[in-house]
1. Which residues, counting only those in the range 54-77, are modelled with pLDDT of 95 or more and open to solvent by 50 Å² or more (accessible area, probe 1.4 Å)?
2. Taking the condition of being without any contact (Cβ under 8 Å) to a residue 40 or more places away in the chain and in contact with a helix residue (DSSP H, G or I) (Cβ under 6 Å, 6 or more places away or on another chain), how many residues in the range 89-104 meet it?
3. I need the full set of residues from the range 94-113 which are closer than 19 Å to Asp206 by Cβ and either assigned to a helix (DSSP H, G or I) or hydrophobic (A, V, I, L, M, F, W, C) (or both), in order please.
4. Open to solvent by less than 10 Å² (accessible area, probe 1.4 Å) and either within 18 Å of Pro144 (Cα to Cα) or among the hydrophobic types (A, V, I, L, M, F, W, C) (or both), is that true of Leu98?
5. Among the residues in the range 81-93, are any of a type in the set (A, V, I, L, M), in a strand (DSSP E or B) and open to solvent by less than 80 Å² (accessible area, probe 1.4 Å)?
6. Evaluate the following for Lys196: is it out of contact with any Asp or Glu (no Cβ under 9 Å at 6 or more places or on another chain), over 21 Å from Gly51 (Cα atoms) and crowded, with 18+ Cβ neighbours inside 10 Å?
7. Provide a single number: the residues in the range 134-163 that are farther than 19 Å from Ala231 by Cα, in contact (Cβ under 8 Å) with a residue 40 or more places away in the chain and either open to solvent by 30 Å² or more (accessible area, probe 1.4 Å) or not in a helix (DSSP H, G or I) (or both).
8. Of the conditions (1) farther than 23 Å from Lys89 by Cα; (2) modelled with pLDDT under 95; (3) over 14 Å from the mean Cα position of the chain (by Cα), Leu224 fails just one. Which one is it?
Amino acid sequence: MGLGSLTLTSLISNSESNQSPQDSIIKQAEKKLHIVCIGAHPGDPEFGCGGTMAKYSDAGHSVTFIYLTRGEAGDPSKTYSESAALRTKEAESACKILNAKAVFAGQTDGDTILSREKNKEMTELIRAENPDLVFTQWPIDSHPDHQVTGMLALTAWVKSGRQFQLYFYEVNTGSETMFFVPTDYVDITLLRDRKKEAMFAHKTQDPVNVYNDYFKTLEEFRGLEANVKAAEAFIHFKDKTDQARLTGL
């Protein structure tokens, strides 16, 4: 992975030898990008791709996190409003560490909805941000909120005329995210401590054990795949015009 310039291909290493025609959009002279990263709950974007988001913001690009919910149902000992207040504060602290803007979509933790109305709301919310790239959760997941998040973003991509690049990220692969076969990797070796700081801002989520049990191992495994010490991995959902391309044909 070449990491010297500010282009997308310097941040994301494609596992295919052919470049996507969409890369030409990103290779415009030092274009400043707007990145949107969507997560079902506070913490999902940070845990799933916080290193990549830090790399984008450090390169001068703008980053917005859209949280589908405020994590209201995470603690049965607290009311929804109490949990929402705590987790909103944690999300805002994490976003400050990663130099990202926090936006909340207004759905309810554990009761997220995939419907025509909610598809329209998410599409309008994403369009308002005018993103160049959108990162979202892989919808093949054991957590229903993660499923809904991924499908809302996918629908928004379709309804927006595929005007932005769409990437899926993984969370707790093996226990939640399933059948995740990456197309792209980002070297986060130099950003692991910053990512951990953002993750550990979510104090209500037992971040130390969650990191040690899942994400530390996953970062190192994806790093082995990408020939670096630590990496985050993504699935690039290509436009249909770029799906059926093989080297040499």
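The values are calculated or read from the model by the stated rules, or taken from the named source; none is laboratory data. Here the structure is a predicted model, which is why all the values come from computation and not from measurement. Counting neighbours? That spans all protein chains shown, and the Cβs are built from the backbone with ideal geometry, glycine included. When the accessible area is computed, the model is the full protein with side chains, heavy atoms only, and any ligands, DNA or RNA have been set aside. Shrake-Rupley method; radii C 1.70, N 1.55, O 1.52, S 1.80 Å.
1. Correct list: Asp58, Ser62, Arg70.
2. Number of matching residues: 1.
3. Ala94, Ile97
4. Details: open to solvent by less than 10 Å² (accessible area, probe 1.4 Å): yes; either within 18 Å of Pro144 (Cα to Cα) or among the hydrophobic types (A, V, I, L, M, F, W, C) (or both): yes.
Judged against the criteria, Leu98 is a match.
5. no
6. no
7. The qualifying residues number 5.
8. (2)
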